[in-house]
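For reference, the structure is listed below as structure tokens.
The values are calculated or read from the model by the stated rules, or taken from the named source; none is laboratory data. Given the structure is predicted, the values throughout are model-derived calculations rather than measurements. All Cβ positions, glycine included, derive from the backbone under ideal geometry; neighbour counts span all protein chains shown.
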């Protein structure tokens, strides 16, 4: 449909406009999101697991999914990025017939599927539904963020014509909503989102909109935010969610030293995440408890360096001692799923 093509054009203009290959010493970086988002907390959890092994992983703030996809595809020393699955779905939809999309996605691979992240729309109390956003000023995220893509797609699918789509990130949008400068804003983040936990929000003036419209269920998953998840939210809210996915690149160990070392880093962190999943679920962000490693996005392949790190006999190249707790598609991903089953059998 036309709105989907527009979304892909937005993605391509960003993906193909960023290319860098500095000759700096190898670093290990993960692209995440804003300072109060879920992605950055997930990245810090992974970095902490690496630190216990003596491996440094730099957690980088970003605008979100599109910038993260670009980082994995084009930026040197950026081996990991967290991306929304609707970004992946729309890229895959147009890949076969579009040479530019093929170039944009070449070499990008799945590391691990993670958790569902809820699509929050915080609005003034008098706005009761998505259709009531018509003629309103709505913040939809900055243009290189996953929130921007998701908000644009949802509004287009529902044919809601807002008065203005304001390009603000959620951190900037919240005070604008409180001051009356906008009427609502979108925020894609795993609940509980720190932005709504750490900032006082008046439940008599603002609420989360339900999102239950049937046309959205072809792309998004039904979800619910339980009552009391946020102080201002006294009732459960039915809405939709999108999968967060950790992405990487298919490094060629035969090509050069940089590719070989980057592949080793991907293998090391794949092994560390699997071996420490129980610890991440116990001490990390609450969304680790919802991680489903079998929920691979359709059409995307798992990286060869990831599968190397999943092998039962793989040992991360730690520079410090680490406690090792008990470990926990399609035809092309069968090896990944078999390795995962072997891990789970060890429980």
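Quick rundown of the values:
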item	result
Total residues in the range 121-141, condition more than 15 Å from residue 152 (Cα to Cα) and crowded, with 22+ Cβ neighbours inside 10 Å	2
Residue match in the range 138-154 (condition: within 16 Å of residue 206 (Cβ to Cβ), touching a strand residue (DSSP E or B) at 6+ places or on another chain (Cβ under 9 Å) and at pLDDT 95 or above)	yes
Test: residue in the range 158-181 that is modelled with pLDDT under 95, crowded, with 20+ Cβ neighbours inside 10 Å and farther than 19 Å from residue 191 by Cα	no
Wholly enclosed helices (runs of 4 or more DSSP H) of the range 1-120 bearing at least 3 residues surrounded by fewer than 23 Cβ atoms within 10 Å (Cβ to Cβ), at pLDDT 95 or above and not assigned by TED's automatic domain parsing to the domain that holds residue 151	38-52
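A quick yes/no check of all residues on (1) crowded, with 18+ Cβ neighbours inside 10 Å; (2) more than 22 Å from residue 190 (Cα to Cα); (3) in contact with a strand residue (DSSP E or B) (Cβ under 6 Å, 6 or more places away or on another chain):
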{"residue": "268", "(1), (2), (3)": "yes, yes, no"}
{"residue": "271", "(1), (2), (3)": "yes, yes, no"}
{"residue": "275", "(1), (2), (3)": "yes, yes, no"}
{"residue": "282", "(1), (2), (3)": "no, no, no"}
{"residue": "308", "(1), (2), (3)": "yes, yes, no"}
{"residue": "311", "(1), (2), (3)": "no, yes, no"}
